[in-house]
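Shown next, in structure tokens, is the structure this report addresses.
The values are calculated or read from the model by the stated rules, or taken from the named source; none is laboratory data. Note that the structure is a prediction, hence the values are computed from the model and not measured. Because the Cβ atoms are built from the backbone with ideal geometry, glycine has one as well, and the counts that use them run over all protein chains shown. Calculation scope for accessible area: heavy atoms of the full protein, side chains included, ligands and nucleic acids excluded. Shrake-Rupley method; radii C 1.70, N 1.55, O 1.52, S 1.80 Å.
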Amino acid sequence: MSAGSREERAFAPEADRIDELCARFFQHYGRRPQVVVSAPGRVNLIGEHTDYNGLPALPMAIDRSILVAGAEAGDRRVRLRNLDPQFRSYAYDLSDAPIRTKGSWEQYHIAAARGVKSLLGTKKVRGGDFLFDGTIPSGSGLSSSSALVVASALGLLAVNDREEPALQLAELLAVAERFVGTQSGGMDQAVCLLAEPGCALRIDFDPLRTRPVRIPAGCSFVVCHSMVPAEKSGAAQVAYNHRVLECTLACRALEHALADVLPRSVRHFGDLVALLPERSPAELIEVLSNSLPPRPLDEREVSAAIGGAIDKLFSGVGSTSGRESTYALLQRATHVLTEAERVERAESALRAGDWSGLGVLMDGSHASCRDDFEVSCAELEELVGAAKQAGALGARLTGAGFGGCTVNLVRSADVPLFQTMLERAFYQRRGIKNATSHCFEVVPSAGARVVRVAGEA
Ligand code: NG1
């Protein structure tokens, strides 16, 4: 069997991909791998931009994954190869692993290695030879980056004969992935490591907790790519980090406005909501709207709203790269607080098999992402509109936004018709023929796994 095109591999059963990967590992490195790791991508059903605010999310792992075959090197060198020739081969030494090329795929391995070194002790980690194969489209909001980080860390741990509990690893790798410069939350690493087949995963943060939510029969989730890449190496990273900063400032402004009733200081919206359980999102938003104008603020206005200097807060989010000139605090808070409430209701709807209820919440989430969080784009809007025309019960952008994919709730019997309608309405107009590679059903899948394959030949 040959490795086939990227599209053929995308839909090949994982067992075939593993066999192929092991054979190719032997060709490249002249020995058999000891281990193969599989780490899934994810689609976020609802709860967008909530994770770094300490508020819940409800993603599911999908049947697209990153595989890595690995074998111990005996020294501290790491060699990386990828079946996809667009990802260059790379070697580095664990003693000295700076990220040299922003946006390159190897930076995610280096970030994962940093996490593993912090766990095992810098000098105790042995290197290895690794070969990767991925079927998660990159820059699509399906979290190929976190799957790569998780696969890299599990591969490195495995060739060092170490296993770590998934929950601790998820927390560790959420921090490690920030090394690439995105101030992301912990949703992606958690679902990649802790998902269960047939289920979505309700995730709460600080401390990290998860619980599976079985997805009943009847409806399916279909992912549609907008064909706008949302790579986190350029503008999307700047825009993402600016949202993180705006949320931090919005939370400070609300904390300032509620200083008389809050018993202690808060780290993020999650703390604030937990300390004031009797206050609804609408009440909290009203408090903020009484002290802030509804338009974006300049730095002087933000300082007045938070009762202190804005500059001190930049260190809190770790990067000033997302610094833009205005801060839409009320809008960002409105999205985040209402989105957390939608997650609660979506979990209940899913548990009850209330598909139309879930669809309405997904539509509401999309409107909020578009209007209050401002992370949509023309192509995502066109896709969501086409999906609703094609009968989707709910349609929304998924992941960080700024491009990438939508996730659509579709009655299972209607999936082929839905794909045909989306092909006509969106893909054919752009001259894209193989629409099913960009508009496909995703199956709720298990979290990452490590398979010991063989010793040295
Ligand atoms: P994606 O879709 O992978 O860009 C990002 C963050 C998440 C979360 C979502 C928005 C990374 C690795 N992940 O996901 O933590 O904040 O955006 O809900 O950047």
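Numbers below:
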read-out	value
Global form of segment 118-249, assessed from the alpha-carbon gyration tensor, a/c cut-off 1.5	rounded
Table column - 3J(HN,Hα) (Hz), segment 280-289, Karplus curve with 6.51, -1.76, 1.60, x for Gly and Pro	6, x, 4, 5, 5, 5, 5, 4, 5, 5
Residue (of Val336, Phe418, Gln189) at the positive-pole extreme of the chain, dipole from beta-carbon charges	Gln189
Among beta bridges that DSSP assigns inside segment 67-151, antiparallel share in %, nearest 5	70
Within-13-Å neighbourhood charge of Leu393 [Cβ basis; K, R +1; D, E -1]	0
Computed [θ] at 222 nm, helices only, for the chain once each DSSP H run of length n ≥ 4 contributes -39500 (n - 2.57)	-13000 deg cm²/dmol
Non-local Lys pairs in the chain, i.e. 8 or more apart or on different chains, that have alpha carbons under 28 Å apart	9
Using alpha-carbon coordinates, inclination of helix 166-177 to the longest axis of the chain, degrees	80
Part-to-part distance (alpha-carbon centres) for segment 423-437 and segment 218-243, which is given in Å	19
Cα gyration tensor shape for segment 22-80, rounded if a/c is under 1.5, else prolate or oblate	prolate
Acute angle (nearest 10 degrees) that the helix 329-352 long axis makes with the longest principal axis of the chain, alpha-carbon atoms	60
Magnitude of the charge dipole, the chain, Cβ model with Lys/Arg +1 and Asp/Glu -1, debye to 20	1100
DSSP-defined antiparallel bridges as percent of all bridges, the chain, nearest 5	90
Size of charge dipole - segment 329-451 - debye, nearest 20, with Cβ of Lys, Arg +1 and Asp, Glu -1, no other charges	380
Check: segment 164-317 dipole with +1 on Lys, Arg Cβ and -1 on Asp, Glu Cβ, in debye	200
Rounded, prolate or oblate (a/c below 1.5 giving rounded, otherwise prolate when a/b exceeds b/c) for the chain by Cα gyration tensor	oblate
For segment 35-137: accessible area per residue (Å², 1.4 Å)	31
0 to 90° range, to nearest 10: angle between helix 144-159 axis and the chain longest Cα axis	50
Between segment 353-384 and segment 14-88, the alpha-carbon center distance in angstrom	30
Surrounding net charge for Val213, when Lys and Arg each add one and Asp and Glu each subtract one, Cβ distance under 15 Å	+3
